[in-house]
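Encoded as structure tokens, the structure appears first; notes follow it.
The values are calculated or read from the model by the stated rules, or taken from the named source; none is laboratory data. What you see is a predicted model; the values in this text were computed from it and never measured. Here the Cβ positions follow ideal geometry from the backbone for every residue, glycine too, while neighbour counts run over all protein chains shown. Side chains included, ligands, DNA and RNA excluded: accessible areas come from the protein's heavy atoms. Shrake-Rupley method; radii C 1.70, N 1.55, O 1.52, S 1.80 Å.
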Amino acid sequence: MKKINFSNTLRCIGQDLNRRDFKVFDICIEGELFLARGGYSAPTAAFPVAIHYTAADIKQLGSTGPENRGKLPSPEDFVNLEQVLRTFGGYLDKLEARLIRLTNSEPQGSGHSFRLEYETLEGDRRIEDHSTATVYDMCVTMYKRRGRMTGTNGMFRQRRG
């Protein structure tokens, strides 16, 4: 099976879901397709929208919007859906793991906002729950690392409030 750059792939999907104003999502892989189910408000029993992304769709999404890449986001938009999904993708790439499922639609009250399921190189299945604060920290870390790589001298904007 072809190796997937999850950072780029999930960034592209996040860009599309962000454009559609999704608030909740559940992303998984079905064969060669990425399936994103989601909606515009708190999790419900059934998601109102389901989108299948092929490799060609991802490539097309990746070619749109490059003029916005490399610019510092506004502080209130720092951790948007595109950045969150890119960060989880980068995490998977670093682990050399394969995505099974990523969602922010788990029942509330557990203290965790995101659930990541993946398969390791050894074939072990892992499930991790991440709080919003943890994901924010992961996004800042990735942003700072990317800033050093792209020549922004590691500058980043801090969360206000």
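Things to note:
- Summed over segment 55-99, residues that are surrounded by 15 or more Cβ atoms within 10 Å (Cβ to Cβ), modelled with pLDDT of 90 or more and not in a helix (DSSP H, G or I) total 3.
- Search result, residues across segment 36-47 that are open to solvent by 30 Å² or more (accessible area, probe 1.4 Å), within 29 Å of Glu119 (Cβ to Cβ) and at pLDDT below 90: Pro43, Thr44, Ala45, Ala46, Phe47
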